[in-house]
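This is the structure I want to talk about, given as structure tokens.
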């Protein structure tokens, strides 16, 4: 079975205020049932009235953190996808608020790989952050933010690395 089979038939909500991002993601996820929303209100209504396997949420422009709260309340796997809110602080906030992953829009071309990794991790009862950590933490984010980017929140990253789920400190 190819890995993309894990995505087949999954119902995914994609929320972004940029129509081109919505269109690109819809095309890349053509094996899924994709529902698009371009405003907070539209996404909130869809999240509250429908079941989704995954939600891909922009942070800026659509109030992604409020949508994350709704998604988590509905037990929907949530991925934060961002360009403007790409920072160590937003990464930590995404983890603390329950996101299952945090992806830079620059990595959007790899969205199927990241979603498959999340689904595999869930199936295996493992952290959805482990594949993310292996693929992005020590390469992408170090290039982007420098090798000491975790230093400003050392205690959080120490707990995160230890696999503790109570990173709300």
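Run residue 67 past the list (1) at pLDDT below 95; (2) closer than 20 Å to residue 43 by Cα; (3) surrounded by 17 or more Cβ atoms within 10 Å (Cβ to Cβ) and report the number of the one that doesn't hold.
(1)
Of all residues in the range 78-109 being touching a strand residue (DSSP E or B) at 6+ places or on another chain (Cβ under 8 Å) and farther than 22 Å from residue 156 by Cα, which is surrounded by the most Cβ atoms within 10 Å (Cβ to Cβ)?
For the range 78-109, the residue satisfying everything is 105.
Having 1 or more residues that are farther than 29 Å from residue 149 by Cβ is the bar; report the strands (runs of 3 or more DSSP E) wholly within the range 13-113 that clear it.
33-37
Of all residues in the range 1-16, which are surrounded by 13 or more Cβ atoms within 10 Å (Cβ to Cβ) and at pLDDT below 95?
Across the range 1-16, the qualifying residues are 3, 4, 6, 7.
Take the residues in the range 126-159 that are under 22 Å from residue 12 (Cβ atoms) and in a loop (DSSP other than H, G, I, E, B), then tell me which one is nearest to the chain's Cα centre (by Cα).
Ranking the candidates gives 128 first.
State whether the residues of the range 29-40 include one that is in contact (Cβ under 8 Å) with a residue 40 or more places away in the chain and buried (at least 16 other Cβ atoms within 10 Å of the Cβ).
yes
The values are calculated or read from the model by the stated rules, or taken from the named source; none is laboratory data. Predicted model, so just to flag it, every value in this text is computed and none were measured. Backbone-built Cβ (ideal geometry, glycine too); neighbour counts: all protein chains shown.
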